[in-house]
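Okay, so here's the structure we're looking at.
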Amino acid sequence: MATPQLEKTYNPKAVEDRWTRAWIARRYFHASPDHPGKPYCIVIPPPNVTGSLHVGHALNHSLQDILIRWRRMQGRNTLWLPGTDHAGIATQNVVEKQLMAEGLSRESLGRERFVERVWQWKAASGNTIINQQKQLGESCDWDRLRFTMDEGLSKAVIEVFVRLYEDGLIYRGERLINWCPRCLTALSDIEVEHEDIKGKLYHIRYPLTDDPDTVLVVATTRPETMLGDTAVAVHPDDPRYRHLIGKKVRLPLTTREIPIVGDRILVDFEFGTGAVKITPAHDFNDYEAGERHGLTRLAVLDHAALLDAAGMQQAAVEPSVIEMLRGLPVSKARPKVETLLRERGILATTEDHKMAIGKCYRCKTVVEPYLSPQWFVNIKPLAEPAIKAVEERRIRIVPESWVNNYLGWMRDIKDWCISRQIWWGHQIPAWYCLACNGRQIITADGRTTILPGAVPIVSKSAPTRCPSCGSTDLLRDPDVLDTWFSSALWPFTTLGWPDQTPELKTYYPTSTLVTGLDILFFWVARMVMMGLKFMGDVPFKDVYIHALVRDAEGQKMSKSKGNVIDPLHVMDQFGTDALRFTLASMASPGRDIKLAEERIEGYRNFANKIWNAARFALMYLDGPRTALPPGQRTFPDRWILSRLGHAIRAVTAELESYRFDRAATVLYQFIWHEYCDWYLELIKPVLQAPEHLDGASTRHTLVETLETTMRLLHPFMPFITEEIWQTLPRQGDSIVLQNYPVLDQDWVAPDVEQHFSLLEHTVGLTRTGRALLNYPPGQQIPFHVGHDDPNRQNQLHQLQRHLAHLSRGTAEVSSPCDWPAVRLLRLVTEGLSVGIGVSGDVDLKKAIERLAKQIMETDKELQRVDGKLKNLEFVSKAPPEVIAEHQGRVQTLSRDRVLLADSERQLRAMLAV
RNA sequence: GGGCGAUUAGCUCAGUGGUAGAGCGCUUCCUUCACACGGAAGAGGCCACAGGUUCGAUACCUGUAUCGCCCACCA
């Protein structure tokens, strides 16, 4: 017997560090277009460069790594392409915060030095998440690490922008957009998070100009914006108001008069008072109504969402009101306006009202609709092919339930605002000739505003002179592109586009995209559109959408709530394999994951179980082993191989349909309950008797099964499987490069499995008996087994040896009727009877009392079900014919066990003891 | 307002038109020579509610309730 080479308890830390380094150093994960095999490629959803690994990443990346390792082992030419996203606003915010701590600001630094500073920050901190990904065991091709602002990718971004512009799919215009007054930039529609809050509905009196005694009461949730009203709308069919259309009201707090218009789109006359104020510069609906009625747009809020004196002046607001409100944020201005209106008797009434406000997805500041010139993508022409691709299932979305979500959004898609007024990002490749556009370009307070009338020169490289007037006085558009613009190109720009690289040819379209549904619209939809536009093909064939990870209470994890599970901490405490396996096992479709640490601890135990199974196997490595044809294998060997075959088939099938959870369950079940609990126990007598005839065959199967199992498990638990695999007899340097197990048809043995289930059942009965009788564990228990079916009776004979061993007893197989009836308790199920001999020093009376008690309880339960169960076959697992045969002498012991007495009288006697 | 999903053991979740499953937790027994991060035996469920289809429904259909998510400009 060999000395065990492994520690008694699995210690993940050292193992993980060692293999992380070795795998990367040996470049096992490096992919090349020349490699053989059908390509399999995943591009990673690039985490923000500011990020550190949170549990959502851990889930997302674990699942990808499972797929990647699995496909690699299957012999595919496998590329997992890693990278990070420059995360425009998020990163800029991080660096600005740093500057603030130093008493600096980005304005004081100036654009160039600020951007330089961000690059410095990236160089210093940008690799945090990459290193954490490596710790997680991710088998990315780290040689191909990309960053969305790499030179090549930036070039591609410019290329795309220019081509879209030339195709008329990018335009510039002044629109009402979502504006974050803290980040001071435009946001796209989906960058706004809506939240319900309780607000008030203010009813305000607007007097008619030709009849000041008549007032039109309008309802609004934002009284402070009334200063910018340019009309009041009523429904043209509303009998209360329709005669007023065309008249004017005097706008309170101002000296302006505004018209009453009829608008059936804006006005729902059941809501509020049926009259709506129109503020085209501060509300999306009003903006459109303003377009319909040709209204002017008066902005009374500035870019920081403060009440703007100049704007108010232009809106003819009373000077005293301007003085009161100037420079105030909306939150302070609103109560002041309310008080003012109340004092002047203009406020009719207020009522509580639930309303939705939008917040910036980066900084949670309330966003304002803001009128400003921006760049947009004309998205409909791009969306159409992207809709078709999913409808025609050229892209398969898993789970399918998200298809409708995707299609619904795509069919109703709005133009995409892609310009951001920040400095960190891809600067828009547009220039303006100052000579030609002199009056369109205004610089004030250090902010340059390029009015919508300015004519851009869009070009891949900086033009030296204006093509129309020849002037060299050119100004580049200061805006940068939405971060998601470059992300949308990720599947092809990372492979070298616009160059026709071998990588692009080999790996595009990629195979699978693994992502959370939170970025389905931000990212997935846009990749589809851009991929189809520029590559003429879908960017990926499958999209697997996984759930969100929440804490054990189902709350979204957030730092402020303090309920964040830090994956690095967990990896440290329980091991990376345990975390990965946990996440995989909980990745059921269509349900969020509530993660609790106990669960991870459970899989840590699983890792330890595997470890010890390996230790056990290693003790018998030294003995001779033979490769025997299946016929010569022993019963336990044939059984475990048959089960292994099932596991292989199941795991593979589940992975093919992205059921990581079920694959994990299969592995857990097989390894713990079949390999460890039964197989290892079954073969112990053979292994521990050195001269046993079956020794060679058994040792062979023991190791063969373990080795195969390690390969089967490797994608899920890469570290421990590698470590164990290394100790086994093997060919090759690393499990990473081994073949994934495939089912060997010779292993399939239904007859053996049937055999085994008889054994399992019988052993279970003896153990129950032992527990019921309080047999001391050390004491051997004498028992008889028999079966009504002669065939199975025979099988029992063959299993006698195993039975005796596993039951720790002396087994005798005899036909059910010829047992010594005295002092035996018999347990029967499915025609199988086990009689346990009761030796003198056990209190038979007590044992029978306990049985009787159980029977009584069961009886009560049966009576509760109200006579429906007159026939015991409903509660017994015994086949009906067996029950019928024993009618009247059978009592239910529990739902699946029946106590059998030789006669009713005997039964009564037993119960009455 | 629209759409989607959930509701199964104390907790977290699988699952199937035909006798209810797992992990964790709990109870009892056991430190036997792979593992106490272990072994064995147990307890514990009108499968949210109400109808319908069916020989039979936890599963299929309809409705109700509660919770969650996504989308949406209702002032």
Practice prompt. Go through region A:501-534 and count every residue that is more than 15 Å from the chain's Cα centre (by Cα) and away from RNA strand B (no atom under 16 Å from the Cβ).
Written response: 19
Worksheet item: Of the residues in region A:257-297, how many are under 16 Å from A:G246 (Cα atoms), more than 10 Å from RNA strand B (Cβ to nearest atom) and touching a Leu at 6+ places or on another chain (Cβ under 6 Å)?
Response: 2
Worksheet item: Right, A:D677: surrounded by fewer than 20 Cβ atoms within 10 Å (Cβ to Cβ), near RNA strand B (Cβ under 8 Å from one of its atoms), farther than 30 Å from A:H569 by Cα and among the acidic types (D, E) or not?
Response: yes
Item to complete: Provide a single number: the residues in region A:462-515 that are assigned to a strand (DSSP E or B) and farther than 17 Å from A:Q64 by Cβ.
Response: 5
Worksheet entry | Checking A:V55 against (1) surrounded by fewer than 13 Cβ atoms within 10 Å (Cβ to Cβ); (2) in contact (Cβ under 8 Å) with a residue 12 or more places away in the chain; (3) within 16 Å of RNA strand B (Cβ to nearest atom), the condition it does not meet | (1)
Discussion item. Tell me whether region A:486-501 contains one or more residues that are at pLDDT below 95 and within 15 Å of A:H61 (Cα to Cα).
Written reply: no
Worksheet item: Residue check, A:P47 against (1) touching a residue at least 60 places away in the same chain (Cβ under 8 Å); (2) of a type outside the set (A, V, I, L, M, F, W, C); (3) within 16 Å of RNA strand B (Cβ to nearest atom), all met but one. Which one?
Response: (3)
Item to complete: Output the residue which, of all residues in region A:64-77 that are hydrophobic (A, V, I, L, M, F, W, C) and surrounded by 21 or more Cβ atoms within 10 Å (Cβ to Cβ), is farthest from the chain's Cα centre (by Cα).
Response: A:W70
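The rows are residues; the columns are (1) surrounded by fewer than 18 Cβ atoms within 10 Å (Cβ to Cβ); (2) farther than 30 Å from A:L579 by Cβ.
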{"site": "A:E138", "(1), (2)": "no, no"}
{"site": "A:D150", "(1), (2)": "yes, yes"}
{"site": "A:E159", "(1), (2)": "yes, yes"}
{"site": "A:R163", "(1), (2)": "yes, yes"}
{"site": "A:I170", "(1), (2)": "no, yes"}
{"site": "A:E174", "(1), (2)": "yes, yes"}
{"site": "A:N178", "(1), (2)": "no, yes"}
{"site": "A:C183", "(1), (2)": "no, yes"}
{"site": "A:L187", "(1), (2)": "no, yes"}
Worksheet item: Inside region A:275-340, counting only helices (runs of 4 or more DSSP H) that do not spill past its ends, which hold 3 or more residues that are of a type outside the set (A, V, I, L, M) and over 46 Å from the mean Cα position of the chain (by Cα)?
Response: A:309-314, A:319-325
Worksheet item: How many residues does region A:562-609 hold that are part of a loop (DSSP other than H, G, I, E, B) and either more than 9 Å from RNA strand B (Cβ to nearest atom) or among the small types (G, A, S) (or both)?
Response: 10
Item to complete: Tell me which of these A:K460 doesn't satisfy, since it passes every other one: (1) surrounded by 14 or more Cβ atoms within 10 Å (Cβ to Cβ); (2) in contact (Cβ under 8 Å) with a residue 40 or more places away in the chain; (3) within 42 Å of the chain's Cα centre (by Cα).
Response: (1)
Worksheet entry | Hits in region A:651-667 (condition: crowded, with 19+ Cβ neighbours inside 10 Å and either over 17 Å from the mean Cα position of the chain (by Cα) or within 17 Å of A:A578 (Cβ to Cβ) (or both)) | A:V651, A:F660, A:A663, A:A664, A:V666, A:L667
Item to complete: Could you please tell me which pairs satisfy a Cβ distance under 6 Å, a separation of 6+ or placement on different chains, a first residue in region A:672-693 that is closer than 23 Å to A:A607 by Cβ and in a helix (DSSP H, G or I), and a second residue that is more than 10 Å from RNA strand B (Cβ to nearest atom) and of a type in the set (V, I, T)?
Response: A:Y679/A:I640; A:I683/A:T698
Worksheet entry | region A:430-443, residues that are outside any loop (DSSP other than H, G, I, E, B) and under 15 Å from A:P373 (Cβ atoms) | A:A430, A:Y432, A:R439, A:Q440, A:I441, A:I442, A:T443
Fill in: A:P236 being at pLDDT 90 or above and either in a loop (DSSP other than H, G, I, E, B) or over 19 Å from A:L325 (Cβ atoms) (or both)
no
Worksheet item: Considering only residues of region A:418-429 that are in contact (Cβ under 8 Å) with a residue 60 or more places away in the chain and assigned to a strand (DSSP E or B), which is surrounded by the most Cβ atoms within 10 Å (Cβ to Cβ)?
Response: A:R420
Worksheet entry | The lone exception for A:W179 - which of (1) of a type in the set (F, W, Y); (2) modelled with pLDDT of 95 or more; (3) within 16 Å of RNA strand B (Cβ to nearest atom) it fails | (2)
Worksheet, complete the sentence: Exception for A:K248 within (1) within 13 Å of RNA strand B (Cβ to nearest atom); (2) out of contact with any Lys or Arg (no Cβ under 7 Å at 6 or more places or on another chain); (3) without any contact (Cβ under 8 Å) to a residue 60 or more places away in the chain; (4) not aliphatic (A, V, I, L, M) falls at (1)
Worksheet item: Inside region A:341-380, can you point out the residues that are over 30 Å from A:I89 (Cβ atoms) and either under 30 Å from the mean Cα position of the chain (by Cα) or assigned to a helix (DSSP H, G or I) (or both)?
Response: A:L341, A:R342, A:E343
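Listed here are the residues, each with its yes/no results for (1) free of Cβ contacts under 8 Å to residues at least 24 places away in the same chain; (2) within 30 Å of A:Y507 (Cβ to Cβ); (3) buried (at least 17 other Cβ atoms within 10 Å of the Cβ).
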| residue | (1), (2), (3) |
| --- | --- |
| A:I395 | no, yes, yes |
| A:W416 | no, yes, yes |
| A:C433 | no, no, yes |
| A:T448 | no, no, no |
| A:D473 | no, no, no |
| A:D479 | no, no, yes |
| A:W484 | no, yes, yes |
Worksheet item: Residues in region A:58-88 that are farther than 16 Å from A:I130 by Cβ, in contact (Cβ under 8 Å) with a residue 40 or more places away in the chain and either of a type in the set (D, E) or in a loop (DSSP other than H, G, I, E, B) (or both): how many?
Response: 2
Discussion item. If I filter region A:444-457 down to residues being at pLDDT below 90 and not in a loop (DSSP other than H, G, I, E, B), which single residue comes out as farthest from the chain's Cα centre (by Cα)?
Written reply: A:A444
Practice prompt. Could you look through region A:312-343, keep only residues that are surrounded by 15 or more Cβ atoms within 10 Å (Cβ to Cβ) and of a type in the set (K, R), and pick out the one that is nearest to A:P369 (Cα to Cα)?
Written response: A:R334
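Yes/no per residue for (1) closer than 22 Å to A:V55 by Cα; (2) crowded, with 18+ Cβ neighbours inside 10 Å:
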{"site": "A:M100", "(1), (2)": "no, no"}
{"site": "A:R106", "(1), (2)": "no, yes"}
{"site": "A:V115", "(1), (2)": "no, yes"}
{"site": "A:W119", "(1), (2)": "no, no"}
{"site": "A:N127", "(1), (2)": "yes, no"}
{"site": "A:Q132", "(1), (2)": "yes, yes"}
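The values are calculated or read from the model by the stated rules, or taken from the named source; none is laboratory data. The structure presented is a predicted model; accordingly, all values stated were derived computationally and were not measured. Every residue, glycine among them, receives a Cβ derived from its backbone with ideal geometry; neighbour counts consider all protein chains shown.
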